[in-house]
Amino acid sequence: MFVTGRLPALVILGAIPVVVYPSFATVWLWFLFCLTVPVVDVALAGKTTAVRVMRRPTAPIRLGDRTTSELIVENTGSRRFRGQIRDAWQPSAGARDARARLTIPAGERRAVITRLSPTRRGDRQAVRVTIRRSGPFGIAGRQRSFYIPGQVRALPPFGSRKHLPSRLARLRQLDGRSAVRIRGQGTEFDSLRDYVDGDDVRSIDWRATARRRSTVVRTWQPEKDRHIIIVLDTSRTSAGRVDDVPRLDAAMDAALLLAALASHAGDRVDLLAGDRRVHRRVVGSGRTTLLNDLVNAMAPLEPTLLEADWPMLGAEVTKLSRQRALVVLLTPLEPAAVEESLLPPMSVLAQRYRVVLGSVADPALSRMLDQRDDAREIYDAAAAARTIALRNRTSSALGRLGVEVVDADPERLPAALADHYLSLKARGLL
């Protein structure tokens, strides 16, 4: 049962008869009256089990968008239902308008809408549904709480998609749709066409020329159907926040932009996400479903307070492709973690694949390095300079193994990684 604010008001109202008839009998009589009224109210309130609640599924949304969750409340009893219903969610689901007053005639149903604005990526769960059925006096009533399964999936926001049109324009130039196609390293045969003035005579296809009795040249395009494997680090180092953005979220943003660009280029993209074990694996997705598969796989990922098992992750990469491929490791360039656990596996991977390491840099280091107005800031600048020197040393060690490093702040990392991919493609190094 529950009581409303009317019960204290009823108790306070007893001061009037006590003042008029000041005696212990008056106090006890009013006390018994205040006990009897809630009991009668609860008895007349009706059963909460006569109400059946169902939840309609909620479609996934991008983090930052809004959606609604709908409950269908049906009165299966013979009496009219008057009361309240509360749809409680996790705080990070951003539930609003979670309480509703309802009046449902017998045998009818009503819809209760809860607005949701998730503040964190991942699956936000419903906690419980509470039904309150008030008595005729509105002083007390019956209450029941139960669990109705429900969740809303907040997908990665993919804020770097604003960079995609410009990179696709560069890709079209690279593909030869707006530039002359020439033969070279990293190109493959595309088609035949008639010779025009200015064409390289070395591109003439003499057999086709003899068959058609007119000069025909071959055209070329950058090689397609290259294999790109993105490895997303979910270990403890990815839990750090840079400019109030988790490193893992920034790495996801870079992975989505690279995957979207590579799929438009005709390349195959696979994803591994893990630390001591593989948490998510996206393999063999088509061009039309790739981004949807990636965001749904990334949405529930959270950093774990464990070191990454890079030998195991390297073995998983080898299982995905035994031929030469582009392997993109999205992991923080932390000198201690890299030198202790990442360098040995990288020496093996770099011999078989082209390896690129994408790291989220902290722009606060540059700001600390520039501020030297007092003694405290000078010490901070010295610490920042030492950290930057260690990162540069680690980057050089990876470079000697054949691993290319792209280190940029969260805002610039997706674009920098996409530009590096286009540069490799232009040079025929994939």
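The values are calculated or read from the model by the stated rules, or taken from the named source; none is laboratory data. The structure displayed is predicted, hence computed values, not measured ones. Glycine gets a Cβ as well: all are built from the backbone with ideal geometry, and neighbour counts include every protein chain shown. When the accessible area is computed, the model is the full protein with side chains, heavy atoms only, and any ligands, DNA or RNA have been set aside. Shrake-Rupley method; radii C 1.70, N 1.55, O 1.52, S 1.80 Å.
Overall, region 1-133 carries a charge dipole of about 540 debye about its Cα centre when +1 sits on the Cβ of Lys and Arg and -1 on the Cβ of Asp and Glu, all other atoms neutral. Comparing A337, A15, A381 in a Gaussian network model of the chain (Cα springs below 10 Å), the most mobile by mean-square fluctuation is A15. Where only DSSP H runs of four or more residues are counted, the chain gives -11000 deg cm²/dmol as its mean residue ellipticity at 222 nm, each run worth -39500 (n - 2.57). Note on region 245-311: dipole from Cβ charges, positive end direction compared against L290, A255, L272; the farthest Cα belongs to L290.
When the Gaussian network model of the chain links Cα atoms closer than 10 Å, the mean-square fluctuations of A154, A315, A239 top out at A315.
Of the Cα atoms belonging to region 56-118, the radius of gyration and Dmax stand at 13.6, 44 Å. By the equivalent-ellipsoid construction on the alpha carbon gyration tensor, the chain comes out with semi-axes of 65, 30, 18 Å, ordered largest to smallest. Computed with a 1.4 Å probe on the full set of protein chains, the accessible area for D249 sits at about 40 Å². What is the percent of Cα-Cα separations in region 193-280 that go past 18 Å? Of the Cα pairs, 64 percent sit more than 18 Å apart. Within the full protein context, the accessible area of R324 is estimated at about 130 Å² for a probe radius of 1.4 Å. V11 to R99: FRET efficiency via 1/(1 + (r/R0)^6), r the Cβ-Cβ distance, R0 35 Å, to the nearest 0.05? After rounding, the FRET efficiency stands at 0.85. Across the chain, C-alpha contacts under 8 Å between residues 6 or more apart give a mean separation that, scaled by the residue count, equals a relative contact order of 13 percent. Under a model in which nothing but the beta-carbon of Lys, Arg (+1) and Asp, Glu (-1) is charged, region 285-392 shows a dipole of about 740 debye around its Cα centre. Please report, as a whole percent, how much of the solvent-accessible surface of the chain comes from carbon and sulfur atoms (probe radius 1.4 Å). On the chain, the fraction of accessible area on carbon and sulfur atoms equals 53 percent. Among the trypsin sites (Lys or Arg not before Pro) found in region 30-69, those both in a DSSP coil and sparsely packed, with 15 or fewer other Cβ atoms within 10 Å of their Cβ, are K47, R66. Think of region 101-166 as a dipole: +1 on every Lys or Arg Cβ, -1 on every Asp or Glu Cβ, centred on the Cα centre; then among F137, L102, V127, V127 lies furthest on the positive end. Each residue of region 158-165 is assigned a 3J(HN,Hα), and the resulting list reads 6, x, 7, 5, 5, 7, 5, x Hz, derived from the Karplus form 6.51 cos²θ - 1.76 cosθ + 1.60 (θ = phi - 60°), x at Gly and Pro. Amide H to amide H distances under 5 Å link V216 with Y195, D205, T209, where only residues 5 or more positions off or on other chains count and H is placed in the peptide plane. Per residue, the convex hull spanned by the Cα atoms of region 96-146 amounts to 118 cubic angstrom.
Annotation: amide H of V242 within the under-5 Å range of R247, sequence separation 5 or more or interchain, hydrogens built in the peptide plane. When the surface is traced with a 1.4 Å probe over the full set of protein chains, V39 keeps roughly 100 Å² accessible.
The magnitude of the dipole of the chain, with charges of +1 and -1 set on the Cβ of Lys/Arg and Asp/Glu and taken from the Cα centre, is near 2020 debye.
On a per residue basis, the convex hull of the C-alpha atoms belonging to region 1-72 measures out at 138 Å³. Ordered from largest to smallest accessible area (heavy atoms of protein chains, 1.4 Å probe), the residues S359, S78, S145, S347 come out as S78, S145, S347, S359.
Residues E302, E70, E411 ordered from highest to lowest accessible area at a 1.4 Å probe: E411, E302, E70.
Place +1 on the Cβ of every Lys and Arg and -1 on the Cβ of every Asp and Glu in region 320-365, take the dipole about the Cα centre, and give the residue among A336, L320, V355 whose Cα lies farthest towards its positive end. About the Cα centre, the residue reaching furthest to the positive side is L320.
Extents of region 340-430, largest first, come to 50, 29, 17 Å (Cα atoms, principal axes, whole angstrom).
The phi-based Karplus calculation (6.51 cos²θ - 1.76 cosθ + 1.60; θ = phi - 60°) puts the 3J(HN,Hα) values of region 23-38 at 7, 5, 4, 5, 5, 5, 4, 5, 5, 5, 5, 5, 7, 6, 4, x Hz, whole numbers, x for Gly and Pro.
Put the Cα centre of region 1-72 next to the Cα centre of region 106-181 and the gap is 32 Å. Residues in region 254-266 carry Karplus couplings, in order, of 5, 5, 5, 5, 5, 5, 4, 5, 5, 5, 5, 7, x Hz; the curve used is 6.51 cos²θ - 1.76 cosθ + 1.60 with θ = phi - 60°, and Gly or Pro positions show x.
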